[in-house]
Amino acid sequence: LSAGRSSVAGALVMDKPTSYDDLTHYNNFYEFGTDKSDPGRLADSLQTRPWTVTIEGAVQKPRTFGIDDLLKLAPLEERIYRLRCVEGWSMVIPWIGYSLSQLLRQVEPTGNAKYVEFVSQANPAQMPGLRSGVLDWPYREGLRLDEAMHPLTLLAMGLYGEALPKQNGAPVRVVLPWKYGFKSAKSLVKIRLVEQQPVSSWTRAAPQEYGFFSNVNPHVDHPRWSQATERRIGEDGLFARKRPTLMFNGYEAQVGSLYAGMDLKKYY
Amino acid sequence: MIQRWLLHPAAKPVLWLLLAAPAASLVWRGFHDTLGPNPAEALIRGLGDWTLRLLCLTLLITPLRRWTGWHALARWRRNLGVATFLYGTLHWLAYAWLDQGLDWPALVHDVAKRPFILVGTAAWLAMLPLAATSFNAAIRAMGGRRWQDLHKTVYGIALAALLHFFWVKAGKNDFAEVAVYGLVVLGLLAWRWRRWRIGD
C-alpha cells in the first residue's frame, strides 16, 4: 500500500517502531486463541476477501462498503502510533489508513447518533478461538461520537507499507492510540451509529475491570495491577526498567479536551 | 524392577538433572533472546508454570506409592518438595527483579494492591518452613508426628497456588488451563480426604 505521511497533529510519534516480527507474533486477538502466539500461528485461516463493512443505524445514508471501496475512499496516510495494552506492555506501530471521520461523513450521521458501535467478524469456521467462551462473540466495542470523529481515530487497513497482516485485524480495523488496545476493534464487519452507549465485550465480561472509556491513564490502576509503567516490546529487554506510562498514552495535547471536567477515576 | 531403578545410586542425580532442566532452558533462552517478544513475562510465567507442575508432582507421590506399591518413591517426595520451593523462589525473584525492577517500595505497593500476587507471595512464604525442615536432622529434632503436621500445610499451599493462578487468568476470562490444574490439585486433595474419612 502506498501512503503519504499524515499531517494530522500527533499522528507521527518519534519513538522507534516495533519490529515487524514482534508486532505480528505478540497479539491479543482472542478469536484465534488466548495465547499471544496463537493469532500469528492461526490467523491464516481468516478469509479477508471478499469483505464488506456495513454502516447502519442513525445515519442518512446507510451503506455497505467493499474493502476495495474503503481503500479508495480517502488518501491513505502513514501514521506512527504508540499502542498501550491494558496488560502493561506497549508497541509503536506504523499504521496505514485514514481518519474514521472521513468514512462516517459519507453516511451522514443524524442528530440521534451519540455513540458508535463496532462489530468484529465472528466466523467459527475461520476463527478457532470462537469455540471458547472467553467472551460473548462477536467482539463489540464502542466510542462516543466525538471520540470516533477525532482526527486521530484511525481506520487502518495496513501497516509497515503493506496490507494489514491477519493477526493484526485484517482487512480493516480501528486504532485509538490514546486508549488501551482492546478498544481498537479488529476485522470490522459492522459499524452502527446509536443513541445509547453500547456495551463493549470486555465491559460485559468484567465491568469492574474494563470501563467504556478505557483511556490510558497511569493514575488509575487496573484492579489487579498498576498502570503506572509499561514494558516496550522488543526494546525494554529482560533486565530493563519498565518505562513510565504517559497520560492518554502521550496524546493528551490532542485528545485531553474530549474529557474536560470528567472524573477519569469514575469514567475509567 | 521399577523399584530397583528408583533405588539405584544414580537415581537422585538424574532426578535433580531433570528437575533443573526447565529452569536451565528458561535461563538459557533468556540469555539468547529466544523467549519471544516479551522475555520477562515468558520467564516469570514459565517459572510459575513449573512451580505448579512440581507441586502437583509432589502431591502425586503418595497416591502413586499406594496405587503401584513403588514405596521407593518416598525418597523422592522431599526432593520434589524442595524443587517446588526453589522454582517458587525463582518465580518470585523473577517477578521482583524483571517485573518490578527490584524497586522495593513499588514492590510492597504492588503486593498489597494485587490480590493474586498477595496470595502467590503468601503461598511462597508458607513454603519456607517446609523447605527449612526438609532434611533428616529436622525430622529427628521435631519428631515425626509434628513434622508430618507441619508439612500438611502443603495442602493449603496448593489451594493458594491454584487461587493465584485462577486470578491471573480470571481477568481475561481464560480458564482452560486453570481447569486442568484445578482438577489435578483437587483430585489429589480429594483422594487424601477420602482416605482420612475412611480412617486409612
Inset, instruction - Provide the descending list of Cα extents for the range B:20-103 along its principal axes, expressed in whole angstroms. - result: 46, 26, 14
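Give me the percent of DSSP beta bridges within chain A that run antiparallel, rounded to the nearest 5.
On the way: 38 of 47 bridges.
Within chain A, antiparallel bridges account for around 80 percent of the total.
Contact order normalised by length for the range A:184-268, with contacts defined as Cα pairs under 8 Å and 6 or more residues apart; what percent is it? Mind showing how you got there, number by number?
Values: 67 pairs, mean separation 22.4, N = 85.
26 percent.
Can you sort B:16, B:191, B:5 by 1.4 Å-probe accessible area, starting with the largest? The partial results should precede the final answer.
Values: B:16 85, B:191 40, B:5 160 Å².
From most accessible down to least: B:5, B:16, B:191.
Going by a ≥ b ≥ c, the root eigenvalues of the Cα gyration tensor, does the range B:75-200 fall in the rounded group (a/c under 1.5), the prolate group (a/b larger than b/c) or the oblate group? Could the numbers behind the result be given before it?
Values: a/c = 2.46, a/b = 1.33, b/c = 1.85.
Oblate is the answer for the range B:75-200, as a/c is 1.5 or above yet b/c matches or exceeds a/b.
Let me have the relative contact order for the range B:49-196, percent, based on Cα pairs under 8 Å that are six or more residues apart.
Result for the range B:49-196 is 23 percent.
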Legend entry - Alpha-carbon centroid distance for the pair the range A:119-158 / the range B:64-127, whole angstrom: 38 Å
Legend entry - Inverse mean reciprocal Cα-Cα distance (Kirkwood Rh) of the range A:89-162, Å: 14.7 Å
Inset, instruction - Could you tell me which of rounded, prolate or oblate describes the range B:97-142, using a ≥ b ≥ c as the square roots of the eigenvalues of the alpha-carbon gyration tensor, with rounded for a/c under 1.5 and, failing that, prolate when a/b is larger than b/c and oblate otherwise? - result: prolate
Legend entry - Part-to-part distance (alpha-carbon centres) for the range B:14-59 and the range A:18-43, which is given in Å: 22 Å
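Given a 1.4 Å probe and every protein chain left where it sits, what share in percent of the accessible area of chain A is carbon and sulfur? Walk me through the numbers before you get to the answer.
Numbers: 5330 of 10630 Å².
So the carbon and sulfur contribution to the accessible surface is 50 percent.
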Inset, instruction - Sort out for me the Cα centre separation of the range A:228-268 from the range A:70-106, rounded to whole Å. - result: 18 Å
Legend entry - 10 Å binning of all Cα-Cα separations within the range B:159-200, expressed as whole percents from 0 upward: 29, 40, 21, 9, 1
Legend entry - Most mobile listed residue (B:18, B:107, B:189) in chain B, GNM with C-alpha springs under 10 Å: B:18
Inset, instruction - Could you work out, for the protein assembly as shown, what percent of all Cα-Cα pairs fall into each 10 Å distance bin, beginning at 0 Å and stopping at the bin that holds the largest distance? - result: 4, 18, 26, 21, 14, 9, 5, 2, 0
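I need the shape label for chain A. Rule: rounded when a/c is under 1.5, else prolate if a/b > b/c, else oblate, with a, b, c from the alpha carbon gyration tensor.
rounded
Mind giving me the FRET efficiency for residue A:162 and residue B:1? R0 is 51 Å, r the Cβ-Cβ distance, nearest 0.05 is fine.
Calculated value: 0.25.
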Legend entry - Most mobile of B:50, B:147, B:76 in a GNM of chain B (Cα contacts under 10 Å): B:147
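For Cα pairs less than 8 Å apart in space and 6+ apart in sequence, what is the mean separation divided by the residue count of the range A:155-234, i.e. the relative contact order in percent?
On the way: 83 pairs, mean separation 14.4, N = 80.
Relative contact order comes out at 18 percent.
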Inset, instruction - At 1.4 Å probe size, with no ligands or nucleic acids counted, give the accessible surface of residue A:150 in Å², nearest ten. - result: 30 Å²
Legend entry - Residues of the range A:4-36 with amide N under 19 Å of the 7 Å Cα→Cβ point at residue B:174: A:22-36
Legend entry - Listed residues B:114, B:45, B:145, most fluctuating in chain B (Gaussian network, C-alpha, under 10 Å): B:145
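How long are the three semi-axes of the equivalent ellipsoid of the range A:143-248, in whole Å, if each is the root of 5 times an eigenvalue of the C-alpha gyration tensor, listed from largest down?
Numbers: eigenvalues 122, 86, 32 Å².
So the three semi-axes of the range A:143-248 are 25, 21, 13 Å.
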Inset, instruction - Take the range A:1-111, drop everything but the C-alpha atoms, weight them equally and run the Debye formula without solvent; then report log10 I(q)/I(0) at 0.18 Å⁻¹ to two decimals. - result: -1.17
Inset, instruction - Name the lysines eligible as straight-distance cross-link partners of residue B:12: C-alpha to C-alpha under 25 Å, and not fewer than 8 places from it in the same chain. - result: B:152
Legend entry - Calculated [θ] (222 nm, deg cm²/dmol) that DSSP helices of n ≥ 4 give over chain B, each run adding -39,500 (n - 2.57): -26500 deg cm²/dmol
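The values are calculated or read from the model by the stated rules, or taken from the named source; none is laboratory data. Computed from a predicted structure; not experimentally measured. Please note: Cβ atoms are built from the backbone with ideal geometry, for glycine as well, and neighbour counts cover all protein chains shown. Just the protein is used for accessible areas: all its heavy atoms, side chains included, with ligands, DNA and RNA removed. Shrake-Rupley method; radii C 1.70, N 1.55, O 1.52, S 1.80 Å.
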